[in-house]
Amino acid sequence: MNHAVNGAPDDGARQIAAMTRQDAMRVLLAGIADDLRAYPALQELLEQQFQAAVRHQAAPLGQAAEAIAALVDTLQARRAQRVALAQRLLGPTANMAQAFALLKNAAREKIESDWKTLETMVVECKRLGKRNSDLLLEQHTIMQRVLHGEDQLYAPA
């Protein structure tokens, strides 16, 4: 359970604990739908970040980084909420497959398909993020060499 600084449950945890099972499932499914809409936006932002890095455009690079951070925070909050909702439905060791099993066949098949799509998008965004990170790190390393020269590999004799 999430706790506020004073040790009391935070508002989100209280709201989830007070939900009916039906409401918890509804919110869980809505969060997945929201993420399915958000991940393409994250992919686009990661592409913008990459293009700005390739072109050494500081302002667009900074703007992309801020937008990415804000969106990732939102996605992370929804992920944490999803975990809490699944636990509300099935207990502390719940997983998404168990939560989906509570649905009737047609709804379960749709959400399982959506979940696979979401997992694919997450993997792609991680790949794009690593690509961008690798590029930015390489650019930084090159800039350090230009500014400070090569590291000495051997001590002078």
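Any read-out appearing in this document is the output of simple, stated calculations on the displayed coordinates, not a laboratory observation. Remember, predicted model here, so these are calculated numbers, not experimental data. Positions of Cβ are generated from backbone atoms using ideal geometry, with glycine treated the same way; all protein chains shown enter the neighbour counts.
Can you compute the FRET efficiency between Gln22 and Ser133 using 1/(1 + (r/R0)^6), with r the Cβ-Cβ distance and R0 = 35 Å? Round to the nearest 0.05. The formula returns an efficiency of 0.25 here.
If one computes the Cα centroid of the range 79-145 and of the range 61-75, what distance in Å separates the two points? Taking the Cα centre of the range 61-75 as reference, the centre of the range 79-145 is 17 Å away. For the chain, the longest piece that avoids every one of the trypsin sites (Lys or Arg not before Pro) found in DSSP loops with at most 13 other C-beta atoms within 10 Å covers 1-54.
With respect to the chain, whose longest principal axis is taken over its alpha-carbon atoms, helix 105-148 is tilted by about 20°.
Relative to the longest principal axis of the Cα atoms of the chain, helix 21-54 runs at roughly 10 degrees. Largest GNM mean-square fluctuation across Leu89, Leu102, Leu71, computed for the chain with C-alpha springs under 10 Å, falls on Leu102. Among Leu147, Leu103, Leu128, which one moves the most in a GNM of the chain with springs linking Cα atoms closer than 10 Å? Comparing Leu147, Leu103, Leu128 in a Gaussian network model of the chain, the most mobile one is Leu147. Using the Cβ of Gln98 as centre and a radius below 14 Å, the other residues enclosed give a net charge of +3, where K and R count +1 and D and E count -1.
Pairs of Cα atoms nearer than 8 Å and 6+ residues apart set the relative contact order; for the chain it is 28 percent. Here mean projected area of the Cα convex hull in nm² was calculated from the structure, and among [x] 8.4; [y] 10.8; [z] 14.5 it sits at label [z].
On a straight-distance basis, which aspartates and glutamates could pair with Lys104 in a cross-link, Cα separation under 20 angstrom, same-chain partners fewer than 8 positions away excluded? The reachable aspartates and glutamates, counting only those whose Cα sits under 20 Å from Lys104, are Asp23, Glu112, Asp114. In degrees from 0 to 90, rounded to the nearest 10, what is the angle of the helix 58-90 Cα long axis to the longest principal axis of the chain? The answer is roughly 30 degrees.
Once the other residues with Cβ under 12 Å from the Cβ of Leu118 are scored (Lys, Arg +1; Asp, Glu -1), what is the net sum?
Once positives and negatives cancel, what remains is -1.
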